[in-house]
Amino acid sequence: MADKLLLILLNIFYLYISFGYYQLFWNRNKERRFFMVVGWLILFIFINVAYRFVSDQNDFLEFTSTLSIILILVAGMIIQNWIRYVFDRADAIQEALDRQRAGYYEKQYQEIERNQKETKRQRHELKNSYITIETMAKQGDTAGIISFVHSCFRELDNPYELVHTGNMAVDSILNYKLAATREWEIRTEQHLNIPEEMNLSPYVICGVLGNGLDNAVEACKMLPKEKRWLSISMSVEKRNLFIELVNTFDGKIRSDQRGIIQSRKEDGTNHGFGLETMRRLLEDQKGTMMIRWENNRFHLQVVIYHVL
């Protein structure tokens with residue numbers, strides 16, 4: 001009777017753990033549901049047959065076998081909790097990246113709308129400019145025409161002109177982040193030569209480029225205004241995307257015991273995902289990342305393979 005009761009308890013424990021695993025994997029691996037059910041059934045039969053076999057043997061073998069099964073099930077429960085934590089963390093990262101991407105796109109649409117309004121205003125002003133130039137020409141005021149044309153050039157030199165590579169995701173991120181560089185008076189250089197369409201997930205480019213620029217802006221903010229500088233380079237060569245961000249910083253690097261660079265904010269765990277998350281995203285995309293620093297300049301170099 002005690003043997004049967006113990007077997008029932010082991011099966012209940014097994015079913016409880018199995019239910020937890022199916023909650024984690026059932027909707028994430030729909031194409032493998034058949035193999036999951038078959039594997040569960042085989043293990044269920046094995047546990048019951050093995051226990052039946054050893055229960056007919058001596059008490060010591062029965063005790064050690066029962067203990068082994070319990071330890072295996074406990075280990076399975078511990079692993080399950082660890083996997084749940086990993087999945088929850090991944091879902092949190094995905095949700096944050098979704099919010100980031102939505103913010104980038106919203107800013108991009110606002111910039112486009114503002115630019116369209118500015119274009120309409122300039123077209124209206126252009127008509128008036130033609131009238132002014134015509135009047136000056138009739139009066140023979142050459143010097144006045146030259147001075148007026150120069151003032152028109154200055155008006156057209158719009159410091160808030162949009163970055164326009166044609167790639168919606170990249171344009172959204174860059175315009176969003178460049179607004180921060182203008183706010184903090186960070187001098188920027190841009191060298192962009194990428195196609196409009198790339199075989200690249202918006203989540204990856206948002207996570208990598210967005211977090212990389214966040215780190216660069218944060219580093220520049222710690223410097224005097226005259227030393228703030230950021231260079232953004234992007235190009236596609238031999239079907240691979242090359243990204244390089246170079247920024248000035250104060251020469252101080254904070255890292256943990258593993259040598260992983262950490263945020264210098266007091267509450268660093270709640271400020272973005274940093275370089276470690278960028279590495280995870282690149283692993284999924286089969287990309288690589290390298291960082292180095294010298295002469296108070298921080299270099300982030302990323303290669304994402306086969307984007308075309």
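Report note on the peptides 73-83, 176-186: ranked by the mean count of other C-beta atoms within 10 Å, highest first, their order is 176-186, 73-83. Sorted on the mean count of surrounding Cβ atoms within 10 Å across their residues, most packed first, peptides 38-45, 287-294 read 287-294, 38-45. Exceedance of the 24 Å cut-off in Cα-Cα distance is limited, within the set K30/K238; K227/K252; K221/K286, to K30/K238; K221/K286. Label-to-label distance for I42 and A179 is 5.5 nm, based on points extended 7 Å past Cα in the beta-carbon direction.
Since every read-out is calculated from the coordinates, none of them should be taken as a lab result. Since this is a predicted model, take the numbers as computed values, not measurements. Cβ atoms come from the backbone with ideal geometry, glycine included; neighbour counts cover every protein chain shown.
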